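Each reported figure results from applying straightforward, stated rules to the coordinates on display, with no laboratory input. This one's a predicted model, so the numbers in the text were calculated from it and none came from an experiment. Cβ: placed from backbone, ideal geometry, glycine included. Neighbour counts: every protein chain shown.
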Amino acid sequence: MIENPTPATRAGLSRRHPLQPRALGRSGLMTLPLALGGNVFGWTVKGEDGFAVLDHFVGAGFSLIDTADVYPKWVPGNVGGESETLIGQWLKSRGRRDRVLLATKVGGEMAPGRKGLSAANIRQAVEDSLRRLQTDYIDLYQAHYDDPTAPLEETLGAFGELIAAGKVRAIGLSNHEPERFKAALETSRRLGLPRYETLQPLYNLYDREVFEQQFAPLCRAEEIGVINYYSLASGFLTGKYRTEQDVKASARARSNRKYMTERGFRILDALDTVARRLGATPAQIAIAWLIAQPDVTAPIASATSVQQVEQLVQAARLSLDEEALAILQDASAYGP
């Protein structure tokens, strides 16, 4: 097993106020520690239901909404862009642009020949995203997937053009290997180009090792904001999936099944224990644990109803004490 945090470290985490605004890297942008995932818009949430989810999230004082140009292209009949379109319709209807931090992504395949991080694709993709989002600028524009065919200086140069034009305020990345992330940061320094201010990694109470061992030290040293995805491990950390029948009944059967291990069930038991003690749900405890981690800026979580948004809001307001953190850290400890 890895060494668990010392009592001093745990105590430090428990003292961190959960609703303190946090910086998105060195960009100057600040966010409360919760981001609303837009992957469900145009998929399991449409129309006025999506508007209600967004209304409740922003009405509760939160602002960071994360989506991507390809969301949710995987749904039969979709072509990509449906999530951005719904968010854009909501923005136009509500007029709340100044209360929202919009984060979207570029690089996924929108159509044959329309993917990657070449300057040409970035220039076209940003215009398409701005049109769908019905806005003049994107707060955080993220490289969705690494593109080894595009030189880093070309990609960062194109992002720099967008920042200079006022179309993008800051840039980030997701789904890159640590060495490519380091190379991008070095390229920015060497050529005086904008740098990636945020990282969007896989990170949750189960999926800890890769981020903590490979990315967290770099993010800490470079003051990189972290907005992690799969905060609830594809729903496993809600506690809804405890048997094979539960998994078979889920739309996320493949992603849920991999968590059904001895360690996975140990984590669920720990979440149950802490949830009972604090009068919360396992999902809320899993989110609160992420918010308590010193390297996390804002975990991303999606919601399909106002009730689910309220559950997330309450999770962001939870403050885990030293005992709760110790129980969760020990149950989720990972070995070689």
> Taking the Cα-to-Cβ direction at residue 30 and at residue 127 and moving 7 Å from each Cα, how far apart do the two end points lie in nm?
Replying inline: 3.7
> Out of residues 5 or more away from residue 168 or on other chains, whose amide H comes under 5 Å of its own, with H placed 1.01 Å from N in the peptide plane?
Replying inline: 138, 163
>> Please list, in order along the stretch 116-127, the HN-Hα scalar couplings obtained from phi with the Karplus expression 6.51 cos²θ - 1.76 cosθ + 1.60 (θ = phi - 60°), rounded to whole Hz, x for Gly and Pro.
In response: x, 10, 5, 4, 5, 5, 4, 4, 6, 4, 5, 5
>> Connecting C-alpha atoms closer than 10 Å in a GNM of the chain, tell me which of 53, 226, 210 has the biggest fluctuation.
In response: 210
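Step through the table entries 73/105; 46/167; 105/167, compare each Cα-Cα distance with 20 Å, and write down the pairs that go over it. Before the final figure, lay out the partial values.
Numbers: 73/105 13 Å; 46/167 27 Å; 105/167 14 Å.
In this structure, 46/167 lie more than 20 Å apart at Cα.
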> In terms of modelled amide H atoms, which long-range or inter-chain residues lie less than 5 Å from the amide H of residue 234?
Replying inline: none
> Given charges of +1 on the Cβ of Lys and Arg and -1 on the Cβ of Asp and Glu, with all other atoms neutral, how large is the dipole of the chain about its Cα centre, in debye to the nearest 20?
Replying inline: 440
>> With N set to the number of residues, divide the alpha-carbon radius of gyration of the stretch 129-220 by 2.2 N^0.38 Å and report two decimals.
In response: 1.15
> Taking θ as phi - 60°, what are the ³J(HN,Hα) couplings along the stretch 299-313 by the Karplus curve (6.51, -1.76, 1.60), each to the nearest whole Hz, with x for Gly and Pro?
Replying inline: x, 9, 9, 9, 9, 10, 7, 4, 4, 5, 4, 4, 4, 5, 4
> Of 132, 123, 94, which has the largest mean-square fluctuation in a 10 Å C-alpha GNM of the chain?
Replying inline: 94
> Given the chain, what percent of its DSSP beta bridges are antiparallel, to the nearest 5?
Replying inline: 10
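Looking at the stretch 30-81, which chymotrypsin sites (Phe, Trp or Tyr not before Pro) are DSSP coil and have at most 16 other C-beta atoms within 10 Å of their C-beta? Walk me through the intermediate numbers first.
Working: sites: 41, 43, 51, 57, 62, 74; in loops: 43, 62, 74.
Sites meeting the loop and neighbour criteria: 74.
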> Among the lysines, which fall within straight-line cross-link reach of residue 258, defined as a Cα-Cα distance under 20 Å, with same-chain neighbours fewer than 8 residues apart omitted?
Replying inline: 240, 248
> Given H placed 1.01 Å from N in the peptide plane, which residues other than close sequence neighbours of residue 175 have an amide H under 5 Å from its amide H?
Replying inline: 200
>> Charges at C-beta only: +1 for Lys and Arg, -1 for Asp and Glu. How large is the resulting dipole of the stretch 12-136 about its Cα centre, in Debye rounded to 20?
In response: 420
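Quick one: length gained pulling residue 269 to residue 186 fully straight, 0.36 nm per residue minus the C-alpha distance? Spell out each step's value before the answer.
Numbers: separation 83, 0.36 × 83 = 29.88 nm, distance 4.31 nm.
Additional length available on full extension: 25.6 nm.
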> Given 4 °C and 1.567 mPa s, how large is the Stokes-Einstein diffusion coefficient of the stretch 167-320 in µm²/s, with Rh as the Kirkwood radius over Cα pairs?
Replying inline: 77
>> Show me, bin by bin at 10 Å from 0, the whole-percent P(r) of the chain based on Cα pairs.
In response: 6, 26, 35, 25, 8, 0
> So for the chain, taking the charge dipole from beta-carbon charges (+1 Lys/Arg, -1 Asp/Glu), which of 185, 331, 71 sits furthest toward the positive end?
Replying inline: 71
> For the chain, with the dipole built from +1 on Lys and Arg beta-carbon atoms and -1 on Asp and Glu ones, taken about the Cα centre, which of 203, 313, 171 lies farthest toward the positive end?
Replying inline: 313
> Taking springs between alpha-carbon atoms closer than 10 angstrom, which of 127, 161, 262 fluctuates most in the Gaussian network model of the chain?
Replying inline: 262
>> Charges at C-beta only: +1 for Lys and Arg, -1 for Asp and Glu. How large is the resulting dipole of the stretch 258-332 about its Cα centre, in Debye rounded to 20?
In response: 220
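Using only DSSP helix segments of four residues or longer, with each worth -39500 (n - 2.57), what per-residue ellipticity at 222 nm results for the chain after dividing by its residue count and rounding to 500? Each step should come with its number before you reach the end.
Details: 13 runs with 143 residues, N = 336.
Mean residue ellipticity at 222 nm (helix-derived): -13000 deg cm²/dmol.
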